[in-house]
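Notes follow the structure.
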Amino acid sequence: MGLFDILFGGGKKKISKETAETRGVHMPDLDLPVDEKFTIHFKKNGGKFLYCDSFKEISQALKNIIQENNWEDNSFFVMNKQLQNKFSKEKIKFTEKANESEVFFTTCEHLIAQNGSILVCSNQLNEKKLNELPDNLIVFATTSQLVESIGEGLKTIKKKYGHQIPANITTIKHFQATEENSDDFLTYGSTTKNLYLLFLEDL
């Protein structure tokens, strides 16, 4: 069962999906496709998932997010000029000052299927810590950024950047307030964020 099946309820593997969702944190994962595994864990973490197969759908999803949260008059904090240019026609106000915004708009390095987290680094955060960012995050990512594990994501970063490995590598994992706290060192000291994932099909 692939991504469409999860989102729209197709296929006949509902039992497998339910089993995966109810397994304990320390239980080994079932043998699921990487997209399905990410979706299950991401939603379990409290993330809001918007799958789009075109940039037109991304644009509409973003408009819906803005309307839903009454962010029409809010500036989006952005540190990525390419992202800002990509969305320059969306009638969004941007700011380079975190304290002037309720929303951080960003890309990421990878999406981690293993635990439904978002892998970021200094390319997205510069030197800022997660608790210095607005509580609301909108992440723009593509299906080609999906990887199975944090280890695979780190290997890909090393291969991509060579000797110029970016600093401030961390994962964003907590998207709602829960009593569970991860013991993953990459999420140490992180704070809960209200996170929307604009997920574009590019494969």
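The values are calculated or read from the model by the stated rules, or taken from the named source; none is laboratory data. Not measured: the values here are computed from a predicted model. Protein only, heavy atoms only, side chains kept; ligands, DNA and RNA dropped before computing areas. Shrake-Rupley method; radii C 1.70, N 1.55, O 1.52, S 1.80 Å.
Could you tell me the accessible area of I138 in Å² (1.4 Å probe, neighbours in place), rounded to the nearest ten?
0 Å²
Once neighbouring chains are kept in place and the probe is 1.4 Å, which whole percent of the accessible area of the stretch 59-142 is contributed by carbon and sulfur?
38 percent
Cα extents of the stretch 41-189 along the three principal axes, largest first, in whole Å?
39, 38, 33
Quick one: accessible surface of S88, probe radius 1.4 Å, all protein chains present, in square angstrom to the nearest 10.
Here the accessible area works out near 80 Å².
Using a 1.4 Å probe, what is the accessible area per residue for the stretch 96-166, in Å²?
About 47 Å² of surface per residue is accessible.
Convert 20 °C to kelvin, take the viscosity as 1.002 mPa s, use the Kirkwood radius over C-alpha pairs of the stretch 89-134 as Rh, and evaluate the Stokes-Einstein diffusion coefficient in µm²/s, rounded to a whole number.
The Stokes-Einstein estimate is 175 µm²/s.
Using θ = phi - 60° and the Karplus relation 6.51 cos²θ - 1.76 cosθ + 1.60, list the HN-Hα couplings for the stretch 97-107 in order, rounded to whole Hz, with x at every Gly or Pro.
10, 4, 6, 9, 9, 9, 10, 9, 10, 8, 9
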